[in-house]
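Q: I have a structure I would like to understand better, so I am pasting it below and will then ask my questions one at a time.
The values are calculated or read from the model by the stated rules, or taken from the named source; none is laboratory data. Worth saying up front: this structure is predicted, and the values here are computed from it rather than measured. A quick note on method: Cβ atoms are made from the backbone with ideal geometry, for glycine too, and the neighbour counts reach across all protein chains shown.
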Amino acid sequence: MSKTILYKKKIIKELYFAHNLSCSDIGSRIHTSIPLVTRMLNELIEEGVIVETGYAPSTGGRRPLTSLRSTGRGSAASSARRTPTP
């Protein structure tokens, strides 16, 4: 499996469980550089797997420009499903 696919799966998984994240948040969570995350996000947006939802929440300072969420489409999203708790 290529590194590109692995990074995309990691990004989709993070968005699936956290719902809305900024590019910076995703980079921190998967321990990857911002330029690489940006490239992967642009590809996922073009593929229709994720969508931009506007401004991300902020705890202070300047707000991140975009918040992203998974559309639920794509093989990585289906493999990252939550297990219901009893």
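Q: Quick one: V51 ticks every box in (1) assigned to a helix (DSSP H, G or I); (2) at pLDDT 75 or above; (3) of a type in the set (A, V, I, L, M, F, W, C) bar one, so which box is it?
A: (1)
Q: Which residue pairs have Cβ atoms closer than 9 Å, lie 6 or more positions apart in sequence or on different chains, and pair a first residue in the range 12-41 that is part of a loop (DSSP other than H, G, I, E, B) with a second residue that is β-branched (V, I, T)?
A: Between residues of the range 12-41 that are part of a loop (DSSP other than H, G, I, E, B) and residues that are β-branched (V, I, T), the close pairs are N20/T53; S22/T66; T32/I11; T32/I26.
Q: While we're on this one: Quick one: how many residues across the range 1-23 are exposed (fewer than 14 other Cβ atoms within 10 Å of the Cβ) and more than 9 Å from the chain's Cα centre (by Cα)?
A: 7
Q: For the range 1-11, give me each residue that is hydrophobic (A, V, I, L, M, F, W, C), over 14 Å from V49 (Cα atoms) and assigned to a helix (DSSP H, G or I).
A: Pass one, the range 1-11, residues hydrophobic (A, V, I, L, M, F, W, C): 1, 5-6, 11.
Those left that are additionally over 14 Å from V49 (Cα atoms): 1, 6.
The one that is hydrophobic (A, V, I, L, M, F, W, C), over 14 Å from V49 (Cα atoms) and assigned to a helix (DSSP H, G or I): L6.
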